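The values are calculated or read from the model by the stated rules, or taken from the named source; none is laboratory data. The model shown is predicted, which means the values in this text are computed figures rather than measured ones. Cβ sites come from the backbone with ideal geometry, for glycine too, and all protein chains shown count toward neighbours. Heavy atoms of the whole protein, side chains included, go into the accessibility calculation; ligands, DNA and RNA do not. Shrake-Rupley method; radii C 1.70, N 1.55, O 1.52, S 1.80 Å.
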Amino acid sequence: MKKKITLAAALIFGVAAILGACSGGSAATTTAAPAATTEAPAPTETPAPTEAPATAAPAPATTVDLSAPEIKAIIDRGVLKVGCKTDIPKFSLQNTATGEYEGFEDDLAYEIAGVIFGITGAEAKAQKKVEFQGVTAKTRGPLLENGEIDLVIATFTITAERKETYNFSTPYYTDAVGLLVNNDSGINSINDLDGKIVGVAQSSTSKDGFLKYVEEKGLSVSPEFQEFDGYPALAQALASKQIDCFSVDRAILAGYVNEGNHILDDRFAEQDYGVASAKEKTALAALVEEKVTTMLADGTMKAMQDGWGLQ
């Protein structure tokens, strides 16, 4: 019996030796295998954080340095201050019920604010990132110059003279001066305005445009001009027949057309509207210019205009 046990042990030892030789390792190697198994999950670890943002980060919204003093001041303040009109339907009109500003130019202000704060125009509107201040043709310049507002987006016509005082963006809208008259006035064209009273807004370019057009066309028309502080006052003066004609940009006049008046076919003195900033705020002007030109190029500006029914 002892001999049989010894033979069995020898056979077992031989088989183990053969298996060890075939595996190319010793018994110590085989016992190390479980340790390797505990390290197996390593390849499934999350990639280093520095790799993920490389593909997920959005393209920058602007190439302008947002750390420029005038832009940083806006960011620190939390709102962009914009001078806008309160009385021009479709462009910028203050809702008397809510106090909110509604119009194409107000939406443009939100788009610019979005660039400054790194959000979309819609988010800028929702987060109230624009603080609007109502301006007139007479007050918008001084408010910009004394720093009470950052930008003017208020049907501000670009002229060579004004460009000496302010920075203007590429035009975002082009219009022409028009003439609004009462249906029973008997006035059918600019030729019928000789000796009549034409109402214009204070500090507007309408009067100069009218006179230049008359001179260029050689027309014998010499009206009397009266200035008013605001378009509602002009519309009321026309309705009460205090004036014979209300003259301003045609897009503005369109907001005051009713069943008792109409706009004449005459159009003159094309008006290019631009976003204005103080002359020394070059970084802010560069940011605005970049945004306006981008919106013009990609069709966003036209879509906004169409959305507000502007032609």
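Name the shape class, rounded, prolate or oblate, that the alpha-carbon gyration tensor gives for the stretch 174-311, where a ≥ b ≥ c are the square roots of its eigenvalues, rounded holds for a/c under 1.5, and otherwise prolate holds if a/b is larger than b/c and oblate otherwise. Could the numbers behind the result be given before it?
Working: a/c = 2.16, a/b = 1.82, b/c = 1.19.
Prolate shape, in that a/c is at least 1.5 and a/b is the bigger ratio.
What aspartates and glutamates sit close enough to Lys125 to cross-link, taking a C-alpha to C-alpha distance under 16 Å and skipping anything fewer than 8 places away on the same chain?
Within the straight-line limit of under 16 Å, Lys125 reaches these aspartates and glutamates: Glu100, Glu102, Glu105, Asp106, Asp107, Glu111.
Tell me, in nm to one decimal, what length is gained between Asp265 and Thr96 on full extension, where the rule is 0.36 nm per residue of separation less the Cα-Cα distance?
57.6 nm
In nm, to one decimal, how far is the modelled label at Lys128 from the one at Gln242, with both set 7 Å along Cα→Cβ?
For Lys128 paired with Gln242, the spin-label model returns 3.5 nm.
Which links in Lys217/Lys291; Lys85/Lys279; Lys85/Lys217; Lys129/Lys291 stretch past 27 Å when you go from one Cα to the other?
Distance filter (> 27 Å) returns Lys217/Lys291; Lys85/Lys217.
Rounded to the nearest 5, what % of DSSP beta bridges with both residues in the stretch 67-154 are antiparallel?
35 percent
Net charge near Asn183: determine it from the other residues with C-beta under 13 Å of the C-beta of Asn183, scoring Lys and Arg +1 and Asp and Glu -1. Mind showing how you got there, number by number?
On the way: positive: Lys241; negative: Asp184, Asp244, Glu259.
That sum, taken over residues with Cβ under 13 Å, equals -2.
Between Glu164 and Ile197, what is the label-to-label distance in nm when each label sits 7 Å out along the Cα-to-Cβ direction?
Roughly 3.4 nm, to one decimal.
At 1.4 Å probe size, what's the solvent-accessible area of Asp298? Round to the nearest 10 Å².
90 Å²
Could you please state, rounded to a whole Å, how far the C-alpha centre of the stretch 185-217 is from the C-alpha centre of the stretch 164-181?
Each part reduced to its Cα centre gives a spacing of 17 Å.
Which of the peptides 211-217, 198-204, 289-295, 110-116 is most tightly packed, and how do the rest follow, going by the mean number of other Cβ atoms within 10 Å of each residue? Don't jump to the answer; show the numbers that get you there.
Values: 211-217: 13.9, 198-204: 20.4, 289-295: 18.7, 110-116: 24.0.
Highest mean packing first, the order is 110-116, 198-204, 289-295, 211-217.
Specify the inter-centroid distance of the stretch 102-163 and the stretch 224-244, based on alpha-carbon positions, in whole Å.
27 Å
State in Å² the accessible area per residue of the stretch 59-203; use a 1.4 Å probe, count heavy atoms of protein chains only, and round to the nearest integer.
Heavy-atom SASA per residue in the stretch 59-203 reads 42 Å².
Calculate the FRET efficiency for Lys212 and Ser189 from the Cβ-Cβ distance with a Förster distance of 22 Å, rounded to the nearest 0.05.
Efficiency for this residue pair is about 0.80.
Keeping the other protein chains in place, figure out the carbon and sulfur percent of the accessible area of the stretch 196-269, with a 1.4 Å probe.
Carbon with sulfur: 42 percent of the solvent-accessible area.
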